[in-house]
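**Student:** Mind looking over this structure? Questions follow.
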Amino acid sequence: MSTTEISGAPAGTWSVDKVHSHVGFAVDYMAGTFTGSFADFDATVADGVLKGSARVASVQVKDPNLEAHLQSPDFFDAERHPELSFASTTLERDGDAFTATGEITIKGHSEPIRISGVISDPIADPYGGERFGLKLEAVVDRDAFGVSWNNPLPSGEPALSTKVAIVADLQLAKVE
């Protein structure tokens with residue numbers, strides 16, 4: 001018997017604790033995985049809706065030249081599309097399994113998406129507040145968003161996969 005809860009988030013309004021949260025991405029590149037993150041992001045849960053965004057100009061990787069390339073029209077086009085965003089249409093919980101269905105917007109283009117992961121129950125924190133956690137992941141086809149740059153290997157195969165994992169590890173604090 002399933003214990004699926006259609007409004008799978010705790011009641012109330014919750015805002016991300018940016019110090020204790022992370023939003024990033026991972027993509028297969030040549031013989032390994034390339035990862036990056038966004039330093040400036042936001043997430044809220046209110047009235048059964050999860051919303052999140054990340055500022056493209058805050059992308060962080062281990063090379064400043066590559067950060068600039070990721071902000072260029074070859075990738076995110078930060079000048080014309082300064083933000084990535086997500087808004088849920090449904091939230092489902094089954095035990096600690098969590099799924100958010102909604103729409104993601106990258107480079108000005110929106111697509112439906114299903115994000116899955118785990119949720120923790122709200123706990124009292126040491127500062128008199130309350131918080132819960134979400135660990136989420138979804139895979140998108142970057143070509144669908146016009147993020148199509150690639151560099152062919154000598155074999156002719158693309159160096160960079162079209163499949164990108166978007167990951168979020170969030171602590172959300174209850175707003176009083």
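The values are calculated or read from the model by the stated rules, or taken from the named source; none is laboratory data. All values derive from a computational prediction rather than experimental measurement. Using ideal geometry, Cβ is built from the backbone for each residue, glycine included, and neighbour counts are taken over all protein chains shown. Calculation scope for accessible area: heavy atoms of the full protein, side chains included, ligands and nucleic acids excluded. Shrake-Rupley method; radii C 1.70, N 1.55, O 1.52, S 1.80 Å.
**Student:** Scan ASP94, ASP77 and give me the residue that is within 19 Å of LYS135 (Cβ to Cβ) and among the charged types (D, E, K, R). Walk me through how you get there before you give the answer.
**Tutor:** Working: ASP77 fails: within 19 Å of LYS135 (Cβ to Cβ).
Going through ASP94, ASP77 in turn, just one is within 19 Å of LYS135 (Cβ to Cβ) and among the charged types (D, E, K, R): ASP94.
**Student:** Looking only at the range 62-121, filter to residues that are in contact (Cβ under 8 Å) with a residue 40 or more places away in the chain and among the basic types (Lys, Arg); which one of those is nearest to PHE145 (Cα to Cα)?
**Tutor:** Taking the candidates together, the pick is LYS107.
**Student:** Could you say whether any residue in the range 54-75 is under 16 Å from the mean Cα position of the chain (by Cα) and under 15 Å from LEU170 (Cβ atoms)?
**Tutor:** Scanning the range 54-75, I find at least one residue that is under 16 Å from the mean Cα position of the chain (by Cα) and under 15 Å from LEU170 (Cβ atoms), so the answer is yes.
**Student:** To continue, here is another question. I need every pair where a residue in the range 132-157 that is over 19 Å from ALA100 (Cβ atoms) has its Cβ under 6 Å from the Cβ of a residue that is among the acidic types (Asp, Glu) and open to solvent by 50 Å² or more (accessible area, probe 1.4 Å), sequence separation at least 6 or different chains.
**Tutor:** Pairs found: TRP149/ASP74.
**Student:** What residue, among those in the range 72-91 that are open to solvent by 50 Å² or more (accessible area, probe 1.4 Å) and either in contact with a helix residue (DSSP H, G or I) (Cβ under 9 Å, 6 or more places away or on another chain) or outside any strand (DSSP E or B) (or both), is nearest to ALA138 (Cα to Cα)?
**Tutor:** Just the residues of the range 72-91 that are open to solvent by 50 Å² or more (accessible area, probe 1.4 Å), to begin with: 73-74, 79-80, 82-83, 89-90.
After this cut, where a residue has to be either in contact with a helix residue (DSSP H, G or I) (Cβ under 9 Å, 6 or more places away or on another chain) or outside any strand (DSSP E or B) (or both) as well, the list is 73-74, 79-80, 82-83.
On the way: PRO73: 23, ASP74: 22, GLU79: 25, ARG80: 24, PRO82: 21, GLU83: 18 Å.
If we take residues in the range 72-91 being open to solvent by 50 Å² or more (accessible area, probe 1.4 Å) and either in contact with a helix residue (DSSP H, G or I) (Cβ under 9 Å, 6 or more places away or on another chain) or outside any strand (DSSP E or B) (or both), then GLU83 is nearest to ALA138 (Cα to Cα).
**Student:** A further question follows. Only residues that are under 15 Å from the mean Cα position of the chain (by Cα) and open to solvent by less than 60 Å² (accessible area, probe 1.4 Å): list them for the range 92-110, please. Please lay out each step first, then the result.
**Tutor:** Of the residues in the range 92-110, the ones under 15 Å from the mean Cα position of the chain (by Cα) are 98-107, 110.
Once the filter is applied, which keeps residues that are under 15 Å from the mean Cα position of the chain (by Cα) and open to solvent by less than 60 Å² (accessible area, probe 1.4 Å), the range 92-110 yields PHE98, THR99, ALA100, THR101, GLY102, ILE104, THR105, ILE106, LYS107, SER110.
**Student:** For the subset of the range 6-48 comprising residues that are in a loop (DSSP other than H, G, I, E, B) and free of Cβ contacts under 8 Å to residues at least 40 places away in the same chain, which member is farthest from PHE76 (Cα to Cα)? Give the derivation first.
**Tutor:** Here is the first cut: in the range 6-48, the residues in a loop (DSSP other than H, G, I, E, B) are 6, 8-12, 17, 21, 30-31, 39-40, 47-48.
When the remaining residues are screened for being free of Cβ contacts under 8 Å to residues at least 40 places away in the same chain, the result is 11, 31, 39-40, 47.
Numbers: ALA11: 34, ALA31: 23, ALA39: 15, ASP40: 15, ASP47: 30 Å.
Taking the candidates together, the pick is ALA11.
Residue-by-condition table, conditions (1) modelled with pLDDT of 95 or more; (2) surrounded by 14 or more Cβ atoms within 10 Å (Cβ to Cβ):
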| site | (1), (2) |
| --- | --- |
| THR4 | no, no |
| GLY8 | no, yes |
| LYS18 | yes, yes |
| VAL23 | yes, yes |
| ALA26 | yes, yes |
| PHE38 | yes, yes |
| PHE41 | yes, yes |
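**Student:** Pull up the range 49-60, narrow it to residues that are open to solvent by 60 Å² or more (accessible area, probe 1.4 Å) and assigned to a strand (DSSP E or B), then point me to the one that is farthest from LEU153 (Cα to Cα). Show your work before the answer.
**Tutor:** Start the filter on the range 49-60 by keeping residues that are open to solvent by 60 Å² or more (accessible area, probe 1.4 Å), which leaves 51, 55, 57, 60.
After this cut, where a residue has to be assigned to a strand (DSSP E or B) as well, the list is 51, 55, 60.
Details: LYS51: 38, ARG55: 31, GLN60: 25 Å.
Only one residue tops the list, namely LYS51.
**Student:** Being closer than 23 Å to TYR29 by Cα and surrounded by 13 or more Cβ atoms within 10 Å (Cβ to Cβ) is the requirement here; does ILE119 meet it?
**Tutor:** Numbers: closer than 23 Å to TYR29 by Cα: no; surrounded by 13 or more Cβ atoms within 10 Å (Cβ to Cβ): yes.
No: the conditions fail for ILE119.
**Student:** Related question: Restricting the range 129-164 to residues that are outside any strand (DSSP E or B) and among the acidic types (Asp, Glu), which is least open to solvent (accessible area, probe 1.4 Å)? Steps first, answer last, please.
**Tutor:** Step one: filter the range 129-164 for residues outside any strand (DSSP E or B), giving 129, 142-151, 153-157, 159.
Those still in the list that are among the acidic types (Asp, Glu) too: 143, 157.
On the way: ASP143: 72, GLU157: 109 Å².
Within the range 129-164, the match that is least open to solvent (accessible area, probe 1.4 Å) is ASP143.
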